[in-house]
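Before any comments, here is the structure.
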Amino acid sequence: MLKKSVFVIFVLTIFILSCFLVAEAKITVKYGHVGPPVHPQHKAALAFAKYVNEKTKGEIEVQVFPLGQLGGERSMTEQVQTGTLHMTAVTSGVLSNFVPEIGIIELPFIYPNRETAYKVLDDKEIRERFAKLCDAKGFVFIGYTENEFRDITNSKRPIRKPEDLKGLKIRVIESPVFIDTFKALGANPTPLPFPEIYNALQQKVIDGQDNPIYTSIMMKFTEVNKFATITNHILTECPVIVNKKFWNSLTPEQQKIFREAADVQVKVNREENAKNRVEALDKAKAQKVDVIILNAQERAAFQGAVKPVLEKYKGVYGADWFNFYMKKIELYSKTK
């Protein structure tokens, strides 16, 4: 009887320990970004999380934190670098403060159209170069989320030419490229975290801001900015970066799942953005926003105004990298 009791206790102990070990084996991953919960960026991040959770059979749970809940973009990038946050999707302009060369994504007026931009970003050599650059700074680059091509809204006047921006306080992300671009256009660029934009507009701290028109509508910036210009001046692509130490703790199979999930994320994000573009202009007009779409001649004037910015960053990034990237744009702009 005693032996039987000892055996039962032994079996129960093993069972409890096994359950504990299984529970301990579960990995919880925190993934932060600044996109609002209804934005395609967040929907794509949720698709990423779902894919990882399902493919690892719950072994890895990805928790997504939108709208800067874990900090601004620069803060989250620092957290990923130090290892206090597992991963983030960060605007390439902000990431350029850590990996300068990656800021090339957001040079102004360099993409002739969206299709060309996507082909360049998806190019194998380009992605390999991004991965190598990020690796040197403690990040593992696995893909993108996207905010869209950026436009300009303001509360003062219609913007049809660079001179119309003269003296306007325009909120920009904390990026040297953005700051230099708006200085070249004659504006007074004012870096502010994304969650602070609405209040700053409402309190007249800034006159305007640059974001995709859909984002401006969704975040209600157009309640206080009744002038909008569809400039498509900069593509806000957000590289997804993972802490290097955490990444190396994953098995090769888990890493493969993360990369597959990143591909799903790109697909979902772009599809959702495409849907929103169809509705954005109608919504803006319904809100009685004065929407201006630049014609070819007007756009050319903006392109001319930012040429000094391109020349500057050719020196910053190095002629070899700059020319390599521009040749990719040229190549894919001719590819049908």
* 5 angstrom amide H check on ILE230, placed H, neighbours 5+ away -> ILE292, ILE293, LEU294
* Would you mind telling me which residue in THR82, THR181, THR222 has the biggest mean-square fluctuation in a Gaussian network model of the chain, where springs connect alpha carbons within a distance under 10 angstrom? => THR82
* Could you give the distance between the Cα centres of the range 225-266 and the range 47-69, to the whole Å? -> 13 Å
* Per residue, in Å², the accessible surface of the range 70-154 once ligands and nucleic acids are set aside, probe 1.4 Å -> 31 Å²
* Structure fact -> If one builds a Gaussian network model of the chain from Cα atoms under 10 Å apart, the most fluctuating residue listed among ARG74, ARG299, ARG277 is ARG277
* To do: Multiply the residue gap between LYS156 and ASP282 by 0.36 nm, knock off their C-alpha separation, and tell me the result in nm, one decimal place.
  => 43.2 nm
* Structure fact -> Of the accessible area of the range 29-121, computed with a 1.4 Å probe and all protein chains kept, carbon and sulfur make up a percent value of 50 percent
* For the chain, with a Gaussian network of springs between Cα atoms less than 10 Å apart, report the residue from GLY208, GLY138, GLY103 with the top mean-square fluctuation. => GLY138
* Structure fact -> Under the 7 Å Cα-to-Cβ spin-label approximation, GLU271 and LEU67 lie apart by a distance in nanometres of 2.6 nm
* **Computed E for GLU128/LYS26 - FRET, C-beta separation, R0 41 angstrom, nearest 0.05** => 0.80
* Work out from phi, with θ = phi - 60° and the Karplus expression 6.51 cos²θ - 1.76 cosθ + 1.60, the ³J(HN,Hα) of each residue of the range 297-307, listed in order in whole Hz, and give x for Gly and Pro. => 5, 5, 5, 4, 5, 5, 4, x, 5, 9, 4
* Asked: To the nearest 500 deg cm²/dmol, what mean residue ellipticity at 222 nm is calculated for the chain from DSSP H runs of n ≥ 4 alone, each contributing -39,500 (n - 2.57), summed and divided by the residues?
  -> -16000 deg cm²/dmol
* Label 7 Å along Cα→Cβ of VAL38; the range 208-245 residues with amide nitrogen under 14 Å? -> 214-223
* Candidates (i) 1.01; (ii) 1.08; (iii) 0.97; which is the computed Rg/Rh (Cα atoms, Kirkwood Rh)? -> (ii)
* To do: Starting from the Cα-Cα distance between LYS137 and GLN303, subtract it from 0.36 nm times their residue separation and give me the gain in nm to one decimal.
  => 56.5 nm
* Asked: Listed here are the pairs LYS55/LYS119; LYS161/LYS288; LYS119/LYS245; LYS137/LYS275; LYS30/LYS288; LYS50/LYS220; which of them are more than 32 Å apart at the Cα?
  -> LYS137/LYS275; LYS30/LYS288
* Other-chain or far-sequence residues with amide H under 5 Å of ILE159's (modelled H) -> none
* Structure fact -> Interchain or sequence-distant (5+) residues whose placed amide H lies within less than 5 Å of the amide H of VAL62 are VAL29, ASN53
* Asked: Taking a probe of 1.4 Å, how large is the accessible area per residue of the range 239-295, in Å²?
  -> 53 Å²
* **Whole-Hz ³J(HN,Hα) from phi, Karplus 6.51 cos²θ - 1.76 cosθ + 1.60, for the range 66-81, glycine and proline x** => x, 6, x, 4, 9, x, x, 4, 5, 4, 5, 5, 5, 5, 5, 5
* Under Karplus coefficients 6.51, -1.76 and 1.60, residue-wise ³J(HN,Hα) of the range 99-111 in Hz, glycine/proline x -> 10, x, 5, 6, x, 4, 4, 9, 5, x, 6, 9, 9
* Asked: What percent antiparallel are the DSSP beta bridges of the chain, to the nearest 5?
  -> 50 percent
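The values are calculated or read from the model by the stated rules, or taken from the named source; none is laboratory data. Small disclaimer: the values here were computed from a predicted structure and weren't measured. Positions of Cβ are backbone-derived with ideal geometry, glycine not excepted, and every protein chain shown enters the neighbour counts. Calculation scope for accessible area: heavy atoms of the full protein, side chains included, ligands and nucleic acids excluded. Shrake-Rupley method; radii C 1.70, N 1.55, O 1.52, S 1.80 Å.
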